[in-house]
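What follows is a short report on a single structure.
Bear in mind that the values in this text are calculations on the coordinates, not laboratory data. In this text the structure is predicted, and so the values were computed from the model without any measurement. Glycine also receives a Cβ, built like all others from the backbone with ideal geometry; neighbour counts cover every protein chain displayed.
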Amino acid sequence: MSDKWYYAELDRPVGPISIVELKRFLHRLKDWKDRLVWHSGFNDWCKAGSVPVLRAEADLLWDDEVPGLCVRIYGDGSQSFIFLHRLSGRQRFIRIGRSPEWSLDTARIRAQELRSIVDQGQAILTGFELSFAA
């Protein structure tokens, strides 16, 4: 099956886009489940909330602009921003915050600050542990 998806915007189709791009777009919307989507495997347009692959449980979408930043999208549509990095060969994460308290732009700024700290080898306080870059 092709990875070309479309969504309706003001009664016009927008696409083709990948499923990752579609999820990233949809899950930023409060009413994402009601947005009409179409895929070549469908007979007709349908609501995004009725498409199993789009309403999956928690899912991580990686940001294209800031390395290590991702958005965790939960099945109910809520979102949280997370910064992932490696320290001493182990993957670690820092929760930045939840939407709507944190916007994508603000989370990007914070993730860039955290990346700078990690790259400089300084301590990062995660709230539960103090990790030092080696």
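Worth pointing out:
- Tensor-based shape of segment 5-50 (alpha-carbon gyration tensor, a/c under 1.5 rounded, otherwise prolate or oblate): rounded
- Relative contact order (percent, whole number), segment 5-50, Cα cutoff 8 Å, 6+ residue spacing: 34
- Among 18-28, 97-107, the order from most to least packed when residues are scored by Cβ within 10 Å on average: 18-28, 97-107
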